[in-house]
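The values are calculated or read from the model by the stated rules, or taken from the named source; none is laboratory data. These numbers were taken from a predicted model, which means no experiment stands behind them. Don't worry about glycine lacking a Cβ; one is built from the backbone with ideal geometry, like all the others, and counts go over all protein chains shown.
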Amino acid sequence: MNKNGEYTPLIVAFCCNWCSYAGADLAGTSRLTYPADVKIIRVPCSCRVNPMFVLKAFQRGADGVILCGCHPGDCHYLTGNYYTRRRMTLLFGMLDYMGIERERTRVEWVSAAEGAKFAAVMNDFAKTVSELGENRRLEDLRCKKPLK
Amino acid sequence: MQKTVEMIKAKCAELLADGTVRAVIAWRDGEFSYDKAPGFFTAEDIGSLCYDCTCAPNLSKYLVKEAKKEGRVAVLLKPCDTFSFNQLLTEHRIDREKVYVITIPCTGKVDIEKIRDAGVRGITSLEETDDGNITVHTMYGDKTFEKNDVKLARCFYCKGSADIEADFNAMEEKKAPADSDRLEEVRRLEAMTAEERYDYWRGELSRCIRCNACRNVCPACTCEKCVFDNDQSGVASKANANTFEESMFHIIRAYHVAGRCTDCGECSRVCPQRIPLHLLNRKFIKDIDDNYGEYQAGMEAGTLSPVTAYTKEDADPSEAVFMKNGGEG
């Protein structure tokens, strides 16, 4: 919720240190706008993201989780994002199987030179997630903010 | 069958007598004769070893601890257990030299719950007759069932036997897989809408009492320390306080064995709440098959799990197969 009482989604973006985090920086220095509801978490590599991180983000109130990494073949650690690709394919498949909206999770490859792509991806993802509304199917009531 | 059991018993007694092995891992009667428990036998009590249609527990997991001790142990492996054994060899959890493998035949195991569901009470023992039927002895007389009516669900999707080099083979011939599609139910769920799937899984998982039986029995769950034993894990080792914990526990439990799960079906068998946990594991099996080529964990020792491998041509998650032909999202 923002100050005006309108719903704005909370989005957690795991960005790899070498490409996507730099891509986000470039988006910033290029004065490109993307929603302030995107909270970036810097990880050394996209494959650092344990499936538990994704679930925990949902538990703590995220409405969408996006992983950004180097393009396949460009990983700083050579092969990290290849593993990410398989792992997240399986995890997202499972979330979908359990009926959790598949649009809430995404993997995108954003290089350090793609500031514009970063902003476009985040705008698009934020739009998709806000259309879905609040994350109800994978929420933890104990982690909700108290009602005023 | 009785002849085979006598042969197995004699072989085990011989192995213990000549000191080839220090113990035999097999089955013994549990609280009830139809409720078999894993047993560790020595020369004194080898007589109480039994093998019949109720010996469902997969014994391969017990080797992880036993094979670390001094001396060899013998183990009885049913066709389906050979997959788990191979998988544990692949992961270097068992030293092959320390184990004396006895492969034994199996004609399908009985699900006692199915007999109870049929309204039979006061069961004292079960017996498999020569014509393949199951006679249930109860306090109120006998009742006979067709075996197919009371067989464990997993036995209808028998994978047959894995490629295994046994030290002693009591199987007449290598068991062939059952002619059935084990991913059928996964497809049925996938064809539902996301809403229906959510309701289905809420209904199933909300019954979970977090007894951890599925984790403890799983031959693939062999970590010395489990993530769920960490009190910071966000899921307490007790009845779930929140729907999130149920989903999280079951997603992560299945995820941690993805690519290593041999689909032995022990998780569903031991679940006191009858949650079809194998359907979670089979979803991963199906996704792996669809996206990275068919793979059966434990078919032979030493294969690389698709989750620890990659190819440059793999599809992105957004283009993966389940996204294209899954249900309406």
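Run residue A:88 past the list (1) within 11 Å of chain B (Cβ to nearest Cβ); (2) over 18 Å from residue B:310 (Cα atoms); (3) not aromatic (Phe, Trp, Tyr) and report the number of the one that doesn't hold.
(2)
With respect to residue B:260, is the statement that it is within 14 Å of chain A (Cβ to nearest Cβ), within 25 Å of residue B:108 (Cα to Cα), out of contact with any His (no Cβ under 7 Å at 6 or more places or on another chain) and part of a loop (DSSP other than H, G, I, E, B) true?
On the way: within 14 Å of chain A (Cβ to nearest Cβ): yes; within 25 Å of residue B:108 (Cα to Cα): yes; out of contact with any His (no Cβ under 7 Å at 6 or more places or on another chain): yes; part of a loop (DSSP other than H, G, I, E, B): yes.
The answer is yes for residue B:260.
I'd like the full set of residues that are within 30 Å of residue B:193 (Cβ to Cβ) and in contact with a Leu (Cβ under 6 Å, 6 or more places away or on another chain), limited to segment B:285-323.
Those that are within 30 Å of residue B:193 (Cβ to Cβ) and in contact with a Leu (Cβ under 6 Å, 6 or more places away or on another chain): B:286, B:287.
Scan (1) within 21 Å of the chain's Cα centre (by Cα); (2) at pLDDT below 90 for the single condition residue B:238 breaks and write down its number.
Unmet for residue B:238, out of (1) within 21 Å of the chain's Cα centre (by Cα); (2) at pLDDT below 90: (1).
Out of A:132, A:67, A:141, report the one residue that is among the aliphatic types (A, V, I, L, M) and within 8 Å of chain B (Cβ to nearest Cβ).
Just one listed residue meets the conditions, A:141.
Taking segment B:266-281, which residues are assigned to a helix (DSSP H, G or I) and either polar (S, T, N, Q) or within 10 Å of another protein chain (Cβ to nearest Cβ) (or both)?
Result: B:268, B:279, B:280, B:281.
Considering only residues that are surrounded by fewer than 20 Cβ atoms within 10 Å (Cβ to Cβ), in contact with a helix residue (DSSP H, G or I) (Cβ under 8 Å, 6 or more places away or on another chain) and modelled with pLDDT of 95 or more, which ones fall in segment A:98-127?
If the condition is that a residue be surrounded by fewer than 20 Cβ atoms within 10 Å (Cβ to Cβ), in contact with a helix residue (DSSP H, G or I) (Cβ under 8 Å, 6 or more places away or on another chain) and modelled with pLDDT of 95 or more, then A:111, A:112, A:113, A:116, A:117 are the ones that fit.
Go through the residues of segment A:81-102 one by one and say whether even a single one is among the acidic types (Asp, Glu), free of Cβ contacts under 8 Å to residues at least 60 places away in the same chain and in contact with a Gly (Cβ under 8 Å, 6 or more places away or on another chain).
Yes; the residues of segment A:81-102 include at least one that is among the acidic types (Asp, Glu), free of Cβ contacts under 8 Å to residues at least 60 places away in the same chain and in contact with a Gly (Cβ under 8 Å, 6 or more places away or on another chain).
Here is a list: A:97, A:77. Which entry is facing chain B (nearest Cβ under 7 Å) and among the aromatic types (Phe, Trp, Tyr)?
A:97
What number of residues within segment A:22-43 satisfy the criterion of being in contact with a strand residue (DSSP E or B) (Cβ under 8 Å, 6 or more places away or on another chain) and of a type in the set (Asp, Glu)?
The total comes to 1.
Looking at segment B:58-70, can you tell me whether even one residue there is in a loop (DSSP other than H, G, I, E, B), free of Cβ contacts under 8 Å to residues at least 40 places away in the same chain and under 19 Å from the mean Cα position of the chain (by Cα)?
Looking through segment B:58-70, at least one residue is in a loop (DSSP other than H, G, I, E, B), free of Cβ contacts under 8 Å to residues at least 40 places away in the same chain and under 19 Å from the mean Cα position of the chain (by Cα).
Do you know which of the residues in segment B:184-209 that are basic (Lys, Arg) and more than 17 Å from residue B:249 (Cα to Cα) is surrounded by the fewest Cβ atoms within 10 Å (Cβ to Cβ)? Give the steps one after another, and end with the answer.
Residues of segment B:184-209 basic (Lys, Arg): B:187-188, B:197, B:202, B:207.
Going one step further and asking which of them are more than 17 Å from residue B:249 (Cα to Cα), we end up with B:187-188, B:197.
Numbers: B:187: 13, B:188: 10, B:197: 21.
The selected residue is B:188.
What are the residues in segment B:282-321 that are acidic (Asp, Glu) and more than 8 Å from every other protein chain (Cβ to nearest Cβ), if any?
Passing the criteria: B:289, B:290, B:294, B:300, B:313, B:319.
Inside segment B:63-87, can you point out the residues that are surrounded by 18 or more Cβ atoms within 10 Å (Cβ to Cβ) and touching a Ser or Thr at 6+ places or on another chain (Cβ under 6 Å)?
B:77, B:79, B:81, B:82, B:83, B:84, B:85, B:87 - these are the residues of segment B:63-87 that are surrounded by 18 or more Cβ atoms within 10 Å (Cβ to Cβ) and touching a Ser or Thr at 6+ places or on another chain (Cβ under 6 Å).
Which of the following residues is among the hydrophobic types (A, V, I, L, M, F, W, C), more than 28 Å from residue B:260 (Cβ to Cβ) and more than 18 Å from the chain's Cα centre (by Cα): B:23, B:43?
B:43
If you go through segment A:38-58, how many residues are closer than 22 Å to residue A:128 by Cβ, buried (at least 18 other Cβ atoms within 10 Å of the Cβ) and within 14 Å of chain B (Cβ to nearest Cβ)?
8
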